[in-house]
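Please read the structure below before turning to the comments.
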Amino acid sequence: MADSATQTAIIAAPLDRCFSAAIDYESYPKWAHDVKEVVVHKRDAQGRATEVEYRASALGRSTHYTLAYDYSAAPARLEWKMVKGDIMRSIGGAYTFTSQDPNTTKVTYDVSVDLVIPLPGFIKRRAEVRIVNTLRELKALLES
């Protein structure tokens, strides 16, 4: 069974800047603590990455997974799902961007992860905190 988490933040940056930072996958290792390496495998006609491979630290080890991105509701929403992964059966999620005013954006980060091996509850909670930290790190990047 997949575990889900949701986090919302108000970011002092315009919606288009928030969306642009979220789709700049190649810069993730610079600001997303657990992301160690990113390789873009496919792009759409607009040059946006549609399939991205990640190497990240997770649960005391390195993991690899590839996500497919859906821009059909962009820039209000960015969705993804896992294409392949080593310790996960599935990953799905989305960023939802809502302009609060010209210089402020409400960003909601939803993620659902189904791991191959079951984990005790306290380890799952610790992993959940690390995953949703991505939104805090995005906020710090945009507000710096």
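The values are calculated or read from the model by the stated rules, or taken from the named source; none is laboratory data. For clarity, every value in this text was computed on a predicted model and none was experimentally measured. Cβ placement follows ideal geometry from the backbone for every residue including glycine, while neighbour counts extend to all protein chains displayed.
Only one of 60, 47 is at pLDDT below 90, over 16 Å from the mean Cα position of the chain (by Cα), more than 24 Å from residue 140 (Cα to Cα) and surrounded by fewer than 13 Cβ atoms within 10 Å (Cβ to Cβ). Can you tell me which?
Answer to the selection: 60.
Which residues, counting only those in segment 1-50, are acidic (Asp, Glu) and in contact (Cβ under 8 Å) with a residue 12 or more places away in the chain?
Matches in segment 1-50: 3, 16, 26, 34, 37, 44.
Among the numbered criteria (1) touching a helix residue (DSSP H, G or I) at 6+ places or on another chain (Cβ under 9 Å); (2) among the aromatic types (Phe, Trp, Tyr); (3) at pLDDT below 60, which single criterion is violated by residue 109?
(3)
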